[in-house]
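J.: I'd like to ask some things about the structure below.
The values are calculated or read from the model by the stated rules, or taken from the named source; none is laboratory data. For clarity, every value in this text was computed on a predicted model and none was experimentally measured. Neighbour counts run over all protein chains shown; Cβ positions are idealised from the backbone, glycine included.
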Amino acid sequence: MTNFWDFIVWMLWIYIFMAFLFVLFGIFRDIFRDKDLNGWLKALWIIFLIFIPVLGALIYLVARGRGMAQRNASDLAAAQREQNQYIKSVAGSAQSPSEEIASAGKLLASGAITTEEYEKLKAKALA
């Protein structure tokens, strides 16, 4: 019976250790991508996290947690913008050039666009 509970306790400690490692690596990543910290402050935080890891991580999260979240959110937003821009550039138009010219001709006939705009759309479709 003690072997089972020993196993459960070991699994709990392993889980806690892995969670702490994720937090620690997230803090290291944040320290190195922060443009506001100079090199000496980065070195000081790293030394603090190496020699007193639990206390250092708690202090870092309390002192710089909000900035850490803001940097993460801005990085995610920038990555999303870049991905959307890439998808738009790769996707292009699903229509063939003749279909694009035909739809532009319909717009010209209905009066929705001018002749000049029609010529631009036609040149774009043929390019």
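J.: Restricting the range 29-49 to residues that are surrounded by 15 or more Cβ atoms within 10 Å (Cβ to Cβ) and aromatic (Phe, Trp, Tyr), which is farthest from Gly67 (Cα to Cα)?
T.: Quick first cut of the range 29-49, residues surrounded by 15 or more Cβ atoms within 10 Å (Cβ to Cβ) only: 30-31, 34, 37, 45-46, 48-49.
Then drop every residue that is not aromatic (Phe, Trp, Tyr), which leaves 45, 48.
Working: Trp45: 15, Phe48: 19 Å.
Filtering first and then ranking leaves Phe48.
J.: Something else now. Tally up the residues in the range 28-49 that are in contact with a helix residue (DSSP H, G or I) (Cβ under 8 Å, 6 or more places away or on another chain) and hydrophobic (A, V, I, L, M, F, W, C), please. Give the derivation first.
T.: As a first pass, look at the range 28-49 and keep what is in contact with a helix residue (DSSP H, G or I) (Cβ under 8 Å, 6 or more places away or on another chain): 28, 30-34, 36-37, 42, 45-46, 48-49.
Within this subset, residues satisfying the condition of being hydrophobic (A, V, I, L, M, F, W, C) are 28, 31-32, 37, 45-46, 48-49.
Matching residues across the range 28-49 total 8.
J.: Moving on. Of the numbered conditions (1) in the same structural domain as Leu121 (by TED's automatic domain parsing); (2) hydroxyl-bearing (Ser, Thr, Tyr); (3) under 27 Å from the mean Cα position of the chain (by Cα), Tyr60 satisfies every one except a single condition; which is it?
T.: Looking at each condition in turn, Tyr60 falls short on (1).
J.: Could we say that Ser110 is loosely packed, with under 13 Cβ neighbours inside 10 Å, at pLDDT 90 or above and of a type in the set (Ser, Thr, Tyr) here? Lay out the reasoning, then the answer.
T.: On the way: loosely packed, with under 13 Cβ neighbours inside 10 Å: yes; at pLDDT 90 or above: no; of a type in the set (Ser, Thr, Tyr): yes.
No, not satisfied.
J.: Looking only at the range 113-127, count every residue that is surrounded by fewer than 11 Cβ atoms within 10 Å (Cβ to Cβ) and farther than 17 Å from Ser98 by Cα and tell me the total. Explain how you work it out, then say what you get.
T.: The initial filter retains those residues of the range 113-127 that are surrounded by fewer than 11 Cβ atoms within 10 Å (Cβ to Cβ), namely 115-116, 123, 126-127.
Then keep just the ones that are farther than 17 Å from Ser98 by Cα; that gives 115-116.
Total meeting the criteria: 2.
J.: Evaluate the following for Ile47: is it in the same structural domain as Ile16 (by TED's automatic domain parsing) and of a type in the set (Val, Ile, Thr)? Break it down into steps so the answer makes sense when it comes.
T.: Details: in the same structural domain as Ile16 (by TED's automatic domain parsing): yes; of a type in the set (Val, Ile, Thr): yes.
Judged against the criteria, Ile47 is a match.
J.: Can you tell which of Gln70, Gln85 is surrounded by 10 or more Cβ atoms within 10 Å (Cβ to Cβ) and under 30 Å from Glu119 (Cβ atoms)? Give the steps one after another, and end with the answer.
T.: Details: Gln70 fails: under 30 Å from Glu119 (Cβ atoms).
Answer to the selection: Gln85.
Yes/no per residue for (1) touching a strand residue (DSSP E or B) at 6+ places or on another chain (Cβ under 7 Å); (2) modelled with pLDDT of 85 or more; (3) among the charged types (D, E, K, R):
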residue: Leu61; (1), (2), (3): no, yes, no
residue: Gly67; (1), (2), (3): no, yes, no
residue: Asn72; (1), (2), (3): no, yes, no
residue: Ala77; (1), (2), (3): no, yes, no
residue: Gln83; (1), (2), (3): no, yes, no
residue: Ile87; (1), (2), (3): no, no, no
residue: Glu100; (1), (2), (3): no, no, yes
residue: Ala104; (1), (2), (3): no, yes, no
residue: Leu126; (1), (2), (3): no, no, no
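J.: Scanning the range 19-28 for residues that are surrounded by 13 or more Cβ atoms within 10 Å (Cβ to Cβ) and of a type in the set (A, V, I, L, M), which turns out farthest from the chain's Cα centre (by Cα)?
T.: So the residue we want is Leu24.
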